[in-house]
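Structure record follows, encoded as structure tokens.
Taken together, the values in this text are just the output of simple stated rules run on the coordinates, not laboratory data. The shown structure was predicted, so the numbers you read here are calculated from the model rather than taken from an experiment. Neighbour counts are summed over all protein chains in view; Cβ atoms, including those assigned to glycine, are modelled from backbone coordinates with ideal geometry.
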Amino acid sequence: MTVFLVLIVIILFAVAIWQMSKIYALSKGSSAEDTQDVANGKDNRINAKLMVMFMVFLYFLMFYCFWHYSKFYLPEASSAHGGKYDNLMFISIALIMVVQVITQFLLHFFSYKYKGEKGKRALFYADNDKLEFIWTIIPVIVLAGLIIYGLFTWSDIMNFEEDEDALVVELYAQRFNWKARYAGEDNILGDANVRFIEGVNQLGIDPSDADGKDDVVTQELHLPVGRQVIFKLRSQDVLHSAYMPHFRAQMNVVPGMITQFSFTPTVTTEEIRETEYMQDKMRTIQEIRKEKSKELVAAGEPALDSYDEFDYYLLCNKICGASHYNMQMKIIVESQEDYEAWLETQKTFEASIAQQ
Ligand SMILES: [Cu+2]
């Protein structure tokens with residue numbers, strides 16, 4: 001690979017030198033007859049046609065990408081704010097798309113229409129205030145509108161109001177896993193510091209802080225549907241990023257500080273499994289895995305495990321080291337009752353310290 005890159009650099013360098021020498025020769029002012037470097041009518045016609053072909057290629061590429069990659073779209077958001085986020089994204093893309101289709105056409109079609117021809121001279125046209133005003137004011141209004149709309153959406157999502165019954169959960173990032181800490185009966189997370197990390201106390205909860213005694217540390221993230229969750233994010237080592245794509249949520253996890261994000265889950269794990277989108281997706285994945293298993297078995301290796309049910313996941317979205325790709329935690333959205341029943345089965349911090 002390195003050899004290949006070095007070769008490309010050398011070739012590009014040689015081309016640059018060659019082109020520069022040509023420019024130098026042209027600048028010496030040799031007469032038009034004794035040089036073949038001045039474009040003639042045929043060259044101009046070829047270049048004009050190439051411009052149009054390039055435009056067609058770009059349009060084709062655009063449609064192909066939409067058609068081919070649209071199957072990778074995320075399903076409808078599973079959080080209350082997700083729809084606003086998706087709207088902003090959709091409007092921005094639609095706008096960019098319309099503008100680029102028009103400007104690409106103008107750029108390439110004009111290069112074709114006004115190609116160099118013998119005897120054709122450019123019209124000297126100094127300026128036109130009205131035209132300049134129009135093509136300045138329209139982008140100003142459209143862009144300002146888009147930016148203001150984006151800012152409102154951002155502050156709507158980020159500057160949330162705390163519901164009275166909001167659930168406080170800490171997400172703790174470590175190379176290369178996540179842990180969740182529930183605040184317990186009092187709904188207050190106990191103080192924590194990296195200096196308290198010892199034995200089972202992997203999150204460094206302050207043993208002398210009464211608020212921390214009923215805290216519950218878990219390996220899975222269970223969320224009650226329809227209830228606001230406030231995430232407090234902490235990292236033990238390097239920069240991580242808590243990414244929950246189905247809930248349209250992402251927040252950096254920064255060592256030495258607590259960041260936060262809040263959303264209200266609206267679709268349970270059971271419900272999203274039932275959707276047509278997810279059923280289709282699972283069928284496709286199973287087919288791919290079946291093919292892959294056949295290949296593996298043919299090569300004398302064990303087949304892949306079966307993969308039957310979709311689950312939400314919390315992923316790390318900052319490259320934090322060798323096993324970054326596998327840094328994930330299962331999220332289960334369920335009814336308030338199921339959530340409480342599950343939490344009952346988990347040990348409090350006090351109990352796990354006593355057991356140690
Ligand atoms: Cu990470």
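Key figures
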{"item": "Three-way shape label, the stretch 57-173, alpha-carbon gyration tensor, a/c 1.5", "result": "oblate"}
{"item": "Environment charge of Glu287, counting only residues whose C-beta is closer than 15 Å and scoring Lys/Arg +1, Asp/Glu -1", "result": "+3"}
{"item": "Given charges at Cβ of Lys, Arg, Asp, Glu: the chain dipole, positive-most of Ala80, Tyr313, Pro302", "result": "Pro302"}
{"item": "Long-range HN-HN contacts of Thr259 with modeled amide H, under 5 Å", "result": "Leu233, Val254"}
{"item": "Choice from Val229, Val200, Val217 showing the highest fluctuation, given a GNM over the chain with Cα pairs closer than 10 Å", "result": "Val200"}
{"item": "In order through the stretch 6-14: 3J(HN,Hα) via Karplus (6.51 cos²θ - 1.76 cosθ + 1.60), integer Hz, x for Gly, Pro", "result": "4, 4, 4, 4, 4, 4, 4, 5, 4"}
{"item": "Least to most buried among Ser21, Ser352, Ser235 (fewest other Cβ within 10 Å first)", "result": "Ser21, Ser352, Ser235"}
{"item": "Radius of gyration and Dmax over the Cα atoms of the chain, both given in Å", "result": "30.1, 97"}
{"item": "Helix-only mean residue ellipticity at 222 nm for the chain, each DSSP H run of n ≥ 4 adding -39500 (n - 2.57), per residue, nearest 500", "result": "-15500 deg cm²/dmol"}
{"item": "Candidate lysines for bridging to Lys130, where Cα separation is under 25 Å - those fewer than 8 sequence places away on the same chain excluded", "result": "Lys113"}
{"item": "Debye log10 I(q)/I(0) for the stretch 101-163, one point scatterer per Cα, at q = 0.19 Å⁻¹", "result": "-0.95"}
{"item": "Scattering profile of the stretch 151-216 at q = 0.20 Å⁻¹ [log10 I(q)/I(0), Debye over alpha-carbon scatterers]", "result": "-0.85"}
{"item": "Cβ-based net charge around Gly184, under 10 Å, with every Lys or Arg adding one and every Asp or Glu removing one", "result": "-4"}
{"item": "Members of Lys28/Lys120; Lys294/Lys330; Lys179/Lys318; Lys84/Lys179; Lys49/Lys115; Lys292/Lys330 lying beyond 19 Å, as alpha-carbon distances in this model show", "result": "Lys28/Lys120; Lys294/Lys330; Lys84/Lys179; Lys292/Lys330"}
{"item": "Charge dipole (debye, nearest 20) of the stretch 177-302; +1 at Cβ of Lys and Arg, -1 at Cβ of Asp and Glu", "result": "460"}
{"item": "Intensity falloff of the stretch 1-118 expressed as log10 I(q)/I(0), Debye formula with alpha-carbon point scatterers, at q = 0.22 Å⁻¹", "result": "-1.16"}
{"item": "Cα-based helix-to-principal-axis angle, 129-158 vs the chain, degrees rounded to 10", "result": "10"}
{"item": "The stretch 130-248, Rg to Rh (Cα coordinates; Rh as Kirkwood inverse mean 1/r)", "result": "1.21"}
{"item": "The stretch 225-336: C-alpha gyration tensor shape, a/c 1.5 cut-off, then a/b vs b/c", "result": "oblate"}
